[in-house]
Amino acid sequence: MAFPQSFCGYQRVTTSGTIGIASKPAICYGYSVLSGAGGVAQPWFIDGAATGGTIAFIADPSSGAASKERTITIPIGTTFSTQIYVSFDANTTAVTVFYTENF
């Protein structure tokens, strides 16, 4: 029996964009968000593209502060059926996403 090839890793982005291979399903197991000096960052994680995608979740701002980095784990993972797209808000400086993806 053949098993699908998969990738387990992370990717850091400093602007809104796709995580991993475009148009490939993925599972997000956590993320790290760096806030700018202006306030707490709250990027959006979208299943699909910036326009027309479905918001999977919005980063939790409760443990953040301006000019700080915080890491959130998702032990069970969140499945993105199309692709992971991260949309930055005005206070987001960088986002690192921990994920798996089949190719």
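The values are calculated or read from the model by the stated rules, or taken from the named source; none is laboratory data. Note that this is a predicted model, so its numbers are computed, not measured. Cβ sites come from the backbone with ideal geometry, for glycine too, and all protein chains shown count toward neighbours.
Out of the residues in segment 14-24 that are of a type outside the set (S, T, N, Q) and surrounded by fewer than 17 Cβ atoms within 10 Å (Cβ to Cβ), which is nearest to Thr82 (Cα to Cα)? Walk me through it before giving the result.
Narrowing segment 14-24 to residues of a type outside the set (S, T, N, Q): 17, 19-22, 24.
When the remaining residues are screened for being surrounded by fewer than 17 Cβ atoms within 10 Å (Cβ to Cβ), the result is 17, 21-22, 24.
Numbers: Gly17: 14, Ile21: 10, Ala22: 8, Lys24: 6 Å.
Selected residue: Lys24.
Picking from residues in segment 89-103 that are over 8 Å from the mean Cα position of the chain (by Cα) and either in a strand (DSSP E or B) or at pLDDT 95 or above (or both), the one that is farthest from Ser67 (Cα to Cα) is Asn102.
Considering only residues in segment 28-39 that are outside any loop (DSSP other than H, G, I, E, B) and more than 10 Å from the chain's Cα centre (by Cα), the one that is farthest from Ser67 (Cα to Cα) turns out to be Leu34. For segment 4-27, the set of residues classified as over 12 Å from the mean Cα position of the chain (by Cα), in a loop (DSSP other than H, G, I, E, B) and polar (S, T, N, Q) consists of Gln5, Ser23, listed by residue number.
Of all residues in segment 46-67, those that are farther than 17 Å from Ile84 by Cα and assigned to a loop (DSSP other than H, G, I, E, B) have Cβ atoms under 6 Å from Cβ atoms of residues that are basic (Lys, Arg) and at pLDDT 90 or above, 6 or more apart or on another chain, in Ser63/Arg70; Gly64/Arg70.
For segment 34-65, the set of residues classified as of a type in the set (S, T, N, Q) and over 17 Å from Thr93 (Cβ atoms) consists of Thr51, Thr54, Ser62, listed by residue number. If you go through segment 46-69 one residue at a time, do you hit one that is of a type in the set (Lys, Arg) and closer than 21 Å to Thr100 by Cα? Within segment 46-69, not a single residue is of a type in the set (Lys, Arg) and closer than 21 Å to Thr100 by Cα. For Gln42, the conditions (1) out of contact with any Pro (no Cβ under 7 Å at 6 or more places or on another chain); (2) outside any strand (DSSP E or B); (3) more than 21 Å from Ser6 (Cβ to Cβ) all hold with the exception of (1).
Of the conditions (1) of a type in the set (A, V, I, L, M, F, W, C); (2) touching a Ser or Thr at 6+ places or on another chain (Cβ under 8 Å); (3) closer than 24 Å to Ala22 by Cβ, Ala66 fails just one. Which one is it? Every listed condition holds for Ala66 apart from (3).
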